[in-house]
Amino acid sequence: MDGTEGLVRGDEVIDTGDPIKIPVGPETLGRIMNVIGEPIDERGPINSKHFSPIHAEAPEFVDMSVEQEILVTGIKVVDLLAPYAKGGKIGLFGGAGVGKTVLIMELINNVAKAHGGYSVFAGVGERTREGNDLYHEMIEGGVIDLKGKNSKVSSSAA
């Protein structure tokens, strides 16, 4: 899952027996990484002591919560017309220039500040520029606070 420059047929391969693992924990908050956990935000290494495989088994059905609760997003049109389930996954699809990035930024901001939760943005199929723009807009808007040793999602009121 990385560059193959310099590899040739017949090179020795060593099987580590481990799956691909990425850093997890508070050190990863506000960071941008690729699919193999390497930081790509030019802010140095992610100094995490904990790593998890990129593929994991789903929890057992009996361990999952069956309660259904609406996530109040603070965006009236979303809460009224297309409410989201708390603890669920949210996908946004649409053409260029329709406001997906603005909506994502507001959702992440509201979850972090109003609910004290965490949001993970995975830009599947996104152009690097769009992810970079979102990251810098979130810094400018105070959603991501770069002050201090590690970046944390800002906990101050908007």
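The values are calculated or read from the model by the stated rules, or taken from the named source; none is laboratory data. It should be emphasised that the depicted structure is a prediction, and the values quoted were computed from it without experimental measurement. Here the Cβ positions follow ideal geometry from the backbone for every residue, glycine too, while neighbour counts run over all protein chains shown.
Overview of results
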read-out	value
Residues located in segment 106-120, provided they are of a type outside the set (Gly, Ala, Ser), in contact with a helix residue (DSSP H, G or I) (Cβ under 8 Å, 6 or more places away or on another chain) and surrounded by fewer than 17 Cβ atoms within 10 Å (Cβ to Cβ)	Tyr118
In segment 36-57, the residues that are within 18 Å of Lys21 (Cβ to Cβ), assigned to a loop (DSSP other than H, G, I, E, B) and of a type in the set (Gly, Ala, Ser)	Gly37, Ser48, Ala56
The listed residue being more than 29 Å from Asp145 (Cβ to Cβ) and not in a loop (DSSP other than H, G, I, E, B), out of Val66, Val62	Val62
Test result for Glu38, farther than 23 Å from Glu126 by Cβ and among the charged types (D, E, K, R)	no
Every residue from segment 83-98 that is touching a Leu at 6+ places or on another chain (Cβ under 9 Å), surrounded by 11 or more Cβ atoms within 10 Å (Cβ to Cβ) and assigned to a loop (DSSP other than H, G, I, E, B)	Pro83, Lys86, Gly87, Ile90, Leu92
Test: residue in segment 5-18 that is under 24 Å from Ala112 (Cβ atoms) and either of a type outside the set (A, V, I, L, M, F, W, C) or free of Cβ contacts under 8 Å to residues at least 24 places away in the same chain (or both)	no
In segment 99-136, residue nearest to Leu71 (Cα to Cα) [restricted to those that are of a type in the set (S, T, N, Q) and part of a helix (DSSP H, G or I)]	Asn110
Residue that is surrounded by the most Cβ atoms within 10 Å (Cβ to Cβ), among those in segment 1-35 that are part of a loop (DSSP other than H, G, I, E, B) and touching a His at 6+ places or on another chain (Cβ under 7 Å)	Gly25
Qualifying positions in segment 49-63 - surrounded by 10 or more Cβ atoms within 10 Å (Cβ to Cβ) and either within 24 Å of Leu134 (Cα to Cα) or at pLDDT below 85 (or both)	Ile54
Condition met for Leu80 (closer than 25 Å to Ile22 by Cβ, modelled with pLDDT of 80 or more and assigned to a helix (DSSP H, G or I))	no
Which listed residue is modelled with pLDDT under 90 and either out of contact with any Leu (no Cβ under 9 Å at 6 or more places or on another chain) or more than 30 Å from Glu106 (Cα to Cα) (or both), from Glu12, Glu67	Glu67
